[in-house]
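One structure is given here, and the rest of the page talks about it.
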Amino acid sequence: MITLSRYLPRFNGATALAVLLSGTAHLSWKYHTSAAFEYPVVFSLFTLIGCAVASFLFATWNTRRRIQLRTVVAVVRDAPRPLLWWPSLVAFVVGRTLLLGSMLGNVQCSIDGVYAFLPASLALLEAGSPAPISESETLSYYKESSEAPPHTPSNDEYPKIRAASIQNGGPASRGSVARYVILALAWGFFARQTLVLMTRPVGTICPSYHGLDKLIPAGQMLMLVLDTLVIAQVVRMQRFASSESRAGSASTSTSASTSTSTAWVSLGIMSLSSAIVLTAVSIGLYPAHRLFNWPPGVEKLILRDLVCESAVAAAVLIAAISLLSSTHPATIASITGAVGIVSHYVKQVKDERGVIFTTTPTGWWQARYISVLAISLSFFLVRSENGLPTPPHHRNPASAWARKRWLTLCYVGFLLVWLACQPANSSGNTVAVVSSVVHHAQKASKLWMQNAARSRSLQEAVDEYKQRYGIPPPPHFDKWYGFAVQRESPVIDSFDQIHNDLLPFWGIPPALLRQQTTHLLEQTRLGIGGFRIKDHAVTLSHITPGTHFWMMEGFRAMVEPFLAWLPDMDLAFNIDDECRVVVPFGEMQRLTDLALEARKRVSLHGQGANNSSSFSAALNPPWGDSYLADGYKNAHAKDEISPAFLTRSPHHSIFDLFIAPTCPPSSPARTSRWWSGKEGLPSGRGIVTDPDAVVDLCQRPDIARMHGFLLDPGAFGVARTLQPIFSQGRVPGFVDILVPSPWNFMAKVDIDDGADRPWAAKTNSVFWRGGATDGVNRHADWPGFLRTRFVWLAGLASRRATDNVRANPAINVSFVGNFKKCDRPYCLAQTVAFYGSPKVENPPKGIDFQEHWVHRHLVDLDGAGFSGRFIPFLKSQSLVYRASLFRTWYDERVHAWQHYIPLDVSLAADLWGLVKLLVGAGTGTEAATSDTAGRTRRREYDDGDGSYKLSSAGEKIALSGRDWARQALRKDDMQVYFFRLLLEWARLIDDQREELGFEI
């Protein structure tokens, strides 16, 4: 009869090794994108249950009979000594699981690569606690000496038995263990360096105020110790059972199988007991929503990840335990570590997009070299296992050679995979990399500008409109064209933003759009302002809060020059900084399909002069006007908010509840879970070549933990049905209709041309000042806010900077004022993090806005919404660096690398290296000339036309942005955009919209 004891040696070899390697690679591959690691306690619980089931099955198969309750009790009663330690093991397992939950919940405080020292920890424990004399060693000794073995060897005989065992290849000598420990320590050091160099932190802060910066690393160290003790005890159990199995096989086959079954049952009982205790402790420690109250809509995804990853983890543990009877645990740990490093590296290379450049020595090449060395050391760890403790049945040369052959092949495979997976988009020639990006971006920008003003007459503009959008332009298009030409607009034809914003509204009947607008304007607590255009005059809505009435005044001033050409209409404006309309993917697809069908019915050739020249004189039903009545606001001040608008859940993120459902079902946002706030996707590490792509939240779920609006916005009331709300900015996934901001139109902040300086007269410094306004910290999420991460990273870079200002531009970045948008404990935590003490009498004060122009490099960051500083920044001669999640009306006409420098919201790229590069190196052939003051200035020549450009790429982009902002981002340009938008909207809400169109 074939028993499991005969099958186990084969499983311990190639099969167990294959399960171990493939399972470890899978877990490492899925580490950042699986919900299993987002819920580590539940994941550990499922894994323990899986280990218990597998262990009981192994014991059952080994004895060739079912395990019954009385059989388990008998096995426990007659178990070997290691089982007597199971309460301690259970406590260790539960303790390390809780520590794991705390560590992953505050992963930004963790130390990278701590577990690279697990092999060394195991080897040190082996060196410090010699293995006990087993029965097989005793029998082997007395068999060779031809003496009758006593029941218990005397104290004098123990050294003789151990010496004979070492001579026969048994437990290791001190020299063997010492050599192994040194190699394990070396492997741990280089493996950790590899992981550190591959990590690109996004600046998420570890708060020192609560002591997490010390508690989490200490917890990691304790977790390493606990794991070492658990593994050591399991090793002892397995080896004891293996020795007893071989000793018993000389007398009866039953005793051999019983010994092996007992070891598996012991493991199963320990796993099951740990699962029970962990469940009880977790229910007492964690709120229910932390464990099983998963975000709606992703429950299946989370359950799938938990089941799959826990099953893989259980299989890996079972395979590793099986290998323990033949392989030193430190070697197994090094195997899994090497596989994890390789899998992690390959995953990063696969996910990287864009151009990766290196300006510091701790780049990809150094990481690659160190990691190859780390994997090579793993091979030497395996080779140095000679003389380390191994069970007697694996001491024969054939078995040892087979095991080493498999391990050697594995490590050769690691090296081949590692060397084959070179990041094709990296480059050590940083100047060439940036030059290529700038060249292609500027070429695309010039092409867009040419196409944006291709039309030179009204007829050409009408024909271009039809060509681009498939329908005739709206009525009074001739008036708009004349207005745009009179205002010298550099954009005549390219208004794709308006087209895309309004397209889905073609799927809603005009009467319903008017009813929705009236309903919005009747809401007194929704944060909606508005006005009515009637008989070419504007009446402001009384429901607009007084603090934001200036916004409606700004919109009125914006439309006054072209009121004569607008029909009667009501408009609802979002007065909050945050956006308001988010529609699930399926519903948006339905509306888009309806919209495309409706636009097909619009005549391309007009239906007569009346239809093409004017809007309908009367609408049915007409606009409601109850909200304009005196006293309406007071009478309805306590009305319930419209049920069409939802607020955020305190237990679930905005991304999960509102944004992810807007994504295609196959997108990463709906098929994976990026849980780590410490790192971002590898695609965020490169130079930004497409500003829209890097903020596509469907493809970048990692950003969900890196922006105040997504973590904890100040105001949040959104509709999940399409609503006609006009907003100043919006986050990808939202579908508010974008309009120019009154903040910019009324010049709430603007540049004083007399205060600006030429580039050469500016201080070579990176400058930012502002408040922590990009979120309200009510749930300890502030360490991930965009502004807090940037200021924190700037502080780190400033402390590392040298005194050479030319080589390392000065960093002048700071918050101003006290932290107010937060609950008290988190306000104190931020104060400590940025001001050094929980009480600061004189925090940094705000500055005069005109002081910005002293500095060459200005950073623009989102606040609670879009940044109102961007346009004034562009109008200066300083170089603007922009990290923004919010999209605005001007994004289609302001171009990265032509007018400003785009930054990934994750801030994982080397910003400071990029700054040095842009001010310290040119991007083409350079020649030295002298200016009128006699100072030498380098000039570079363009490859296309041979004309020279300023040698500093940063200066050129700064001047290009300044010139374009003064041509395309003026008040006139805002009015041109708004005029065209309202003409398009007037057609949409007209009952005869499918017959309306301008024709010459």
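The values are calculated or read from the model by the stated rules, or taken from the named source; none is laboratory data. Not measured: the values here are computed from a predicted model. Every residue, glycine as well, gets a Cβ built from its backbone with ideal geometry; the counts of neighbours run over all protein chains shown. These accessible areas exclude ligands, DNA and RNA; they are computed on the full protein's heavy atoms, side chains included. Shrake-Rupley method; radii C 1.70, N 1.55, O 1.52, S 1.80 Å.
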- Task: Quick one: accessible surface of V840, probe radius 1.4 Å, all protein chains present, in square angstrom to the nearest 10.
- Result: 50
- Query: What are the ³J(HN,Hα) values, in whole Hz, obtained from phi via the Karplus relation 6.51 cos²θ - 1.76 cosθ + 1.60 with θ = phi - 60°, for each residue of segment 847-864 in sequence order, with x given for Gly and Pro?
  - Reply: 10, 5, 4, 6, 5, 4, 6, 5, 9, 6, 10, 10, 9, 10, 10, 4, x, 5
- Note on the structure: Expressed in square angstrom to the nearest 10, the accessible area of D478 with a 1.4 Å probe stands at 50
- Using θ = phi - 60° and the Karplus curve 6.51 cos²θ - 1.76 cosθ + 1.60, what whole-Hz ³J(HN,Hα) does each residue of segment 91-97 get, with Gly and Pro shown as x? 4, 5, 5, 5, x, 5, 5
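With every protein chain kept in the model, how would you rank H855, H499 by accessible area, 1.4 Å probe, largest at the top?
On the way: H855 20, H499 50 Å².
Largest to smallest exposure gives the sequence H499, H855.
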- Query: How compact and how long is segment 462-530, expressed as Rg and Dmax of its alpha-carbon atoms in Å?
  - Reply: 16.0, 45
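Could you put Y209, Y977 in order of accessible surface area, largest first, with the 1.4 Å probe and the full protein assembly present?
Details: Y209 95, Y977 0 Å².
Sorted descending by solvent-accessible area, the residues read Y209, Y977.
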- Please report, in whole Å, how far the alpha carbons of segment 561-703 spread along each principal axis, starting with the longest. 58, 50, 32
- Message: At 4 °C and a viscosity of 1.567 mPa s, what translational diffusion coefficient does Stokes-Einstein give for segment 469-601, taking Rh as the Kirkwood radius over Cα pairs? Give it in µm²/s as a whole number.
- Response: 76
- Straight distance only, please: which aspartates and glutamates reach the Cα of K971 with their own Cα at less than 18 Å, same-chain residues fewer than 8 apart left out? E488, E553, E560, D750, D752, D753, D891, E892, D963
- Task: Could you please state, rounded to a whole Å, how far the C-alpha centre of segment 473-516 is from the C-alpha centre of segment 964-996?
- Result: 4
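Taking the Cα centre of segment 754-866 as origin and charging only Cβ (+1 Lys, Arg; -1 Asp, Glu), how large is the dipole, in debye to the nearest 20?
Magnitude of the dipole: close to 200 debye.
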- Note on the structure: Largest-first ranking of V485, V93 by accessible area, probe 1.4 Å, whole protein assembly kept, is V485, V93
- Message: Please enumerate, by chain and number, the lysines with C-alpha under 18 Å from the C-alpha of K466, excluding those fewer than 8 residues away in the same chain.
- Response: K479, K600
- Message: Quick check: Cα centre of segment 301-320 to Cα centre of segment 850-904, how many Å?
- Response: 46
- Provide the per-residue ³J(HN,Hα) series for segment 488-500, in order, calculated from phi with Karplus coefficients 6.51, -1.76, 1.60 and θ = phi - 60°, each as a whole number of Hz, with x at glycine and proline positions. 6, 5, x, 10, 10, 10, 9, 10, 5, 4, 5, 4, 5
- Rounded to the nearest 10 Å², the accessible area of H548 at probe 1.4 Å: 50
